[in-house]
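Before any comments, here is the structure.
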Amino acid sequence: MTGTTAVDPDALWAAIDDQRSRTAQLLEDLAPDQWDHPSLCDGWTVRHVAAHLTMQRERLHEAAGFVARHPRMLRSRGLNAFIHDAAVVQARALSSEEVVERIRAGIGSRRHNAFVTPLETLTDILVHSQDIAIPLGLELDMRPKPSAVAATRRWDTRTTWLARVNRRLPLEGFRLVATDTEWTRGDGPPITGPIGAILLLLTGRTAALGRLDGEGTEVLRTTRTASP
């Protein structure tokens, strides 16, 4: 097994800042109709995902204040519904320009949401930026080194509550092998490709299958097709 869970905090936050900067620029360049395009997240538009990214630095008292201002959030059923509903509320409250400004305002900050670590902040910005870019047919590079850090985190926490926010794909019994950095996990038929695509797969994004190769990829694709 290759890869490491040891993370330099300065490098971690520099990677988050880099991805925030490039995501903000991508959003700033969008046409108005692109903001309302469906994202890779079911039931989320590009605007919803972008608005969610403005909420990466909320501490517990700020989250409580948000709920107090929007009490209907208390009717959200489950963690994923709460996250979705919060993004919808935020998207209605902010203009496109304000969304971009708030994402840029996070550059240089080391605050992260309550109950999670900066590794979740990294994963969030890496994956959600692709939720925006891919369905729009836009390229937004996923740097191999931070993507490997995020993939390691997702692999290590795949059986914890942190994995509940992602669609669970049947990846047990496959060997995941990155082709652009040293990173391998699992045993079985190989699924190979860029570490960014592997990270997307680990977070339930089946759109990543088109960027992956190997016997395991074909097995997984066939399994998905055969599923009811």
Low-density loop GluC sites (Glu not before Pro), the stretch 133-228, at most 16 other Cβ within 10 Å, DSSP non-H/G/I/E/B, are 139, 172, 182
At R0 = 35 Å the Cβ-Cβ FRET efficiency linking residue 10 and residue 85, nearest 0.05, sits at 0.50
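What dipole magnitude, in Debye to the nearest 20, does the chain give about its Cα centre under +1 on Lys/Arg Cβ and -1 on Asp/Glu Cβ?
Values: 28 positive and 28 negative charges, 179 e Å.
Taking the Cα centre of the chain as origin, the dipole is about 860 debye.
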Expected max-MSF residue from 67, 149, 100 in the GNM of the chain (alpha carbon, under 10 Å) is 67
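What is the gain in length, in nm to one decimal, between residue 111 and residue 145 on full extension, counting 0.36 nm per residue of separation less the C-alpha to C-alpha distance? Walk me through the numbers on the way to the answer.
Values: separation 34, 0.36 × 34 = 12.24 nm, distance 2.15 nm.
That pair, residue 111 and residue 145, stretches by 10.1 nm at full extension.
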For residue 191, other-chain or 5+-apart residues with amide H closer than 5 Å (H placed, Pro excluded) are 175, 176, 177, 216
Quick calc of log₁₀ I(q)/I(0), the chain, Debye, one scatterer on every Cα, no solvent, q values 0.07, 0.16, 0.17 1/Å, result -0.22, -1.17, -1.31
Among 212, 136, 115, the residue whose Cα sits farthest towards the positive end of the charge dipole of the chain (+1 at Cβ of Lys and Arg, -1 at Cβ of Asp and Glu, taken about the Cα centre) is 115
Expected unfolding gain across residue 67-residue 221 under the 0.36 nm per residue rule, minus the alpha-carbon gap, is 51.4 nm
The simple spin-label model distance between residue 182 and residue 207, using points 7 Å out along Cα→Cβ, in nm, is 3.2 nm
If one compares the long axis through the Cα atoms of helix 118-133 with the longest principal axis of the Cα atoms of the chain, the angle in degrees, nearest 10, works out at 90 degrees
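What percentage of the solvent-accessible surface of the chain, computed with a 1.4 Å probe over protein heavy atoms, is contributed by carbon and sulfur atoms? Please report the intermediate quantities before stating the final value.
Details: 5950 of 11260 Å².
Here carbon and sulfur together make up 53 percent of the probe-accessible area.
The values are calculated or read from the model by the stated rules, or taken from the named source; none is laboratory data. Nothing here was measured: the structure is a model prediction, and the numbers come from that model. Cβ: placed from backbone, ideal geometry, glycine included. Neighbour counts: every protein chain shown. Accessible surface areas use protein heavy atoms only, side chains included; no ligands, DNA or RNA. Shrake-Rupley method; radii C 1.70, N 1.55, O 1.52, S 1.80 Å.
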